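Worksheet: one structure, shown below.
The values are calculated or read from the model by the stated rules, or taken from the named source; none is laboratory data. Keep in mind that what you see is a predicted model, and the values were worked out from it rather than measured. Here the Cβ positions follow ideal geometry from the backbone for every residue, glycine too, while neighbour counts run over all protein chains shown.
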Amino acid sequence: MTQWGVVGVIIALVGLFLTVGKPLAKLITAIERLTNTCNQLNEKFDKFELKNKESHKRIWEHNKNQDDIINDHEKRIHALEEFGGL
C-alpha cells in the first residue's frame, strides 16, 4: 500500500468516526437530559403525592368533625321533638 493509500484509509476512518461519533454524542446528551428530566419529575410527583395524601387526610378529618356536629344536632332535635321543648 502506498502513502496515498494509507492517507486515504486514515481519511476514511476519520470520516467514519465523525459520521458515527457526532450523532452518537448528540444521542448521549439527549439521553442524559431526558434522564435528568425524569428524575426531576419523579421528585415532583413524590412531593405532589405526599401533599395530596395530607390534603385528603385534612379533608376526611374535617368531614368527620362535621359528621359529629350533625349527629349531635340530630340528637338535640330528637330530644326537642320527644320532650316537647326544654
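Below, the figures for the structure above:
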{"read-out": "Among residues of region 16-57, those that are among the polar types (S, T, N, Q) and at pLDDT below 95, counted", "value": "1"}
{"read-out": "Near pairs, Cβ below 7 angstrom, 6+ apart or cross-chain, from region 58-74 (touching a residue at least 12 places away in the same chain (Cβ under 8 Å)) to any residue that is surrounded by 10 or more Cβ atoms within 10 Å (Cβ to Cβ) and not aromatic (Phe, Trp, Tyr)", "value": "none"}
{"read-out": "Residue match in region 73-84 (condition: at pLDDT below 90 and basic (Lys, Arg))", "value": "yes"}
